[in-house]
1. If you work out percent of Cα pairs over 32 Å apart from the coordinates, which of (1) 30; (2) 39; (3) 33 do you get?
2. Taking the Cβ-Cβ separation of Asp280 and Asp188 as r and a Förster radius of 41 Å, what is the calculated FRET efficiency to the nearest 0.05?
3. Using 0.36 nm per residue, how much length does the chain from Ser149 to Tyr268 gain when fully extended, once their Cα-Cα distance is taken away?
4. So how strong a dipole does region 85-244 carry about its Cα centre when Lys and Arg Cβ are +1 and Asp and Glu Cβ are -1, to the nearest 20 debye?
5. How much net charge surrounds Thr367 when only other residues with a Cβ under 15 Å from its Cβ are counted (Lys, Arg +1; Asp, Glu -1)?
6. In what sequence, highest mean first, do 214-221, 191-198 appear when ranked by Cβ atoms within 10 angstrom?
7. What's the magnitude of the charge dipole for the chain around its Cα centre, counting Lys and Arg as +1 and Asp and Glu as -1 at the beta-carbon? Answer in Debye, nearest 20.
8. Could you please report the charge total around Leu103, scoring K, R as +1 and D, E as -1 over all other residues with beta-carbon less than 15 angstrom from its beta-carbon?
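The values are calculated or read from the model by the stated rules, or taken from the named source; none is laboratory data. None of these values were measured; they are calculated from a predicted model. FYI the Cβ positions are ideal-geometry reconstructions off the backbone, even for glycines, and counts take in every protein chain you see. What goes into the accessible areas is simple: the full protein's heavy atoms, side chains included, and nothing from ligands, DNA or RNA. Shrake-Rupley method; radii C 1.70, N 1.55, O 1.52, S 1.80 Å.
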Amino acid sequence: MSAEPTSPPLSTAQVRGSLIPPLPDDLAVHCIALLPRAAHPSLALVSRAFHALLCRHPEPLLAARRTLRCSEPHVLLSLRPPSSASPIFFLLLPHPGWPPLPLPSPPVPVSSSASAATDGARLFLVGGSVSAVPSASVQILDPRARSWSAGPRLSSTREFAAAVAHSGALFVAGGCIPSSPFWAEALDLSTPNAKWRAVASPAHLREKWMHGCASLDGKVVVVADRGGLSYDPSAPPAEAWAPVSPVLDMGWKGRAAVVEGILYSYDYLGQVKGYDPYTDSWSTVEGLEGELPKFLCGATLADVGGLLYLVWEGKWKGKLKGKMEMRSMVVIEWASIQITRVQEGRLRGKVVSRDTVLFPDMPRGSTITHCIALEL
């Protein structure tokens, strides 16, 4: 019996890829996905193909990292140009030397009055205004696919609302007419095609302007004028809403982040402070003297892999070719801080890494509007 004919072996040209020549590109992407993200800035310099994969079209790499469970925290940052009401979004890797990756703009060009929240992998852009008219839109960004989709519309138009993902639901409050029966509402993120449901709230608590929101100690806490609020979804409806502690209310003035159960904020005196809900007290984070500027313009915070990530608007100290380059560039600085508890409940911080990031296509005067951590 004659042997069955066999297919001729593939030539080197047929299997050669553009990334790692001896390997097909799909296999090369999986190999690159196993490397830590801190190595990517150096890898981007290897070739044009590497630069395209890492900096311009990272979708296959992000998908491979998700499949291999190699996800790492990233920072989603939005900047609002002075000539536009709509923010522009970027993705940052919290390692020095990594350039910002531009993300597509949302389909509905809402203003920076839109609120932002995350479930860990997606960004929810809630409300905002279009041509000075409050919007009910909910726009969802999948940074892995670098694409936006429309979510269920809010029951009330909103801007400057409090928004946070808490216990598997997206919670939104305020930023609308106080008499609205949907002054507070929630969306179940685990149920496909879910709709917004009203969250009962006392009418006398609604006359507030929201300044910040967080998930802390099993509750949603909101800082607002005329006193902050807390909402406990596990409590009976009549007891779910309550004023926040006066100590928390006095110390929390705006942007904040919760890391390991402690809420951190940055005050006007240039100090990073942490609030412990169990002791109902603020503590200044020690050990940062001389590590950070006294005043950080536009400072905001995020929990990035258990580290406190602080980002602010900086100034370029290097040399530029001409004044025109400086006019069309924004400088953002960031620092990641490891914080430990020491004796008597004190907090001590150590700057683990720090970097300056240039946004060459953003005009000077652009301001930070959102800073959120995602796992990619």
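1. (2)
2. The formula returns an efficiency of 0.85 here.
3. Taking Ser149 through Tyr268 to full extension adds about 39.1 nm, to one decimal.
4. That gives region 85-244 a dipole magnitude of about 300 debye.
5. +2
6. Those peptides, ordered most packed to least, come out 214-221, 191-198.
7. 1080 debye
8. Net of charged neighbours comes to +2.
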